[in-house]
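Notes follow the structure.
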Amino acid sequence: MAASSSAPPGNFGRPDLSSSRAAGPGGVVSLEEACRLLLAQHVVAFPTETVYGLAADARSSTAVGRIYATKGRPSDNPLIVHVAGKSQLRQFVDVDALPPVAHTLMSHFWPGPLTLILPIRPGTLSHLTTAGLSTVGVRQVAHPITQKLLEMVDIPVAAPSANVSGRPSPTCAQHVLDDYDGAVPVLEGGVSGVGVESTIVDCTLPASAATDDGGLPWVALLRPGGVPVSALLPFCRVRLPEADLAPSGPCGHDAQATSISSSGQQVVSLPAAEAPRAPGMKYAHYAPQAPVQLVDGSTGFMVRMIHEAWAGPGSRADGARRVGVLTTDEAARQITRQLGFPEDACVRPAPASSSGDGPRSPGPPPPARTFADILPNDVLPRARSVPHPEDPARELVLISLGPAHDVETAARTLYHTLREFDRLGADAILISAPRRFDADTGAAEADRDVGLGLALVNRLVKASAHRVVAEGGPQ
């Protein structure tokens, strides 16, 4: 069933996978079987350091069409093409003619969670991969299992996230199996170490806007993700569209673009591009089934919103009203205390690192942390619904993304926690609006705003479809 572009988040159904032509044999498959399926123009879900992807031969309209049929995804959004290295990139891109900034970013951030929008050679990729554009997003995956798969098939592979369209992205094989009832073949690769999709930057800006007065080339940010914008700044200046990047401000308005320099100075620059040149720019994404609101205010205000959510009609036979809350460790302790719940009512993820060294500096994740050491499955929390001690009809599903400063843990567990609300049948979901999520707690404010926390804000704004309730604002 194709998802409607006008449907609100949560209004989705499972696509029809009754035909093996859409998905091929399902369940967990071996590396060799995944290779065979891709070469036979079937789809395969594979692991990456960001999220699991649903892959097919990027050259074949038949194969790429099966991605859309499987996901129930609109076909007017371009897909990202995944390669094992520059040799595969040369199959569809004139590598020698690329702007220097593209080569610079590849050398510093590939393999890894950075997608570059590049011009393609005509006739090399399916129009379904590019959505009819003369450019496409490309990245080299850091996950060793998928790297091996791409080397074995030696073809460019198109792959959006492997979820049913509109749902939270999958960060482990079980999420994919759940979405499609086991009907899609999955290459198992552990838990995704980054947990949010890749950063996408456009390297094809016009020559008149390609260099600033200081000699640094320009790129345009199309989607924040696994590589913080701050990590790009030593190599380029970045056009940063404001829309979808903050829970307040221009949400729902025409976007301007903000240029970011390595000094953190921000100035209004070129207007943001209107046509979707990359995934995640057009439709609602990342949404659980229950309605989501971002709550922008104090902990007391969040408690008030929880009481208001409890006052709605319950969906269970016993009339209970189950409210999901996603917040930080610090806020969770106050919420449980003010509502009269035991502190252990909150479920918390395992920390991103047990080294005790604190947050990692901005920049691409070290390869050993990304996937040479696959994160154990127990880092993903299993939530539970807890009835209020004095009123069992009021149930709370309280999940923490971790300490406010630990953006890596928050990013890695975000999609899993949204899926936990679905598993437990939450009637409403309230999420603390993130304002200063970033691991670089010692940086200036402007620099913190372009760290990995920017990707978190972007995903939460889209999951809520811009539904923000602010303390002191109209209710």
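The values are calculated or read from the model by the stated rules, or taken from the named source; none is laboratory data. From a predicted model like this one, the values you see are computed outputs, not experimental measurements. Please note: Cβ atoms are built from the backbone with ideal geometry, for glycine as well, and neighbour counts cover all protein chains shown.
Condition first: aliphatic (A, V, I, L, M), in a loop (DSSP other than H, G, I, E, B) and at pLDDT 95 or above. Now tell me which residues in the range 6-48 satisfy that.
ALA40, VAL43
Here are some residues: LEU118, LEU149, LEU125. Which one is under 20 Å from THR62 (Cα atoms) and not β-branched (Val, Ile, Thr)?
The unique qualifying residue is LEU125.
Hey, among the residues in the range 400-429 that are surrounded by fewer than 24 Cβ atoms within 10 Å (Cβ to Cβ) and among the aliphatic types (A, V, I, L, M), which one's modelled with the lowest pLDDT?
Applying the filter and picking the extreme gives ALA404.
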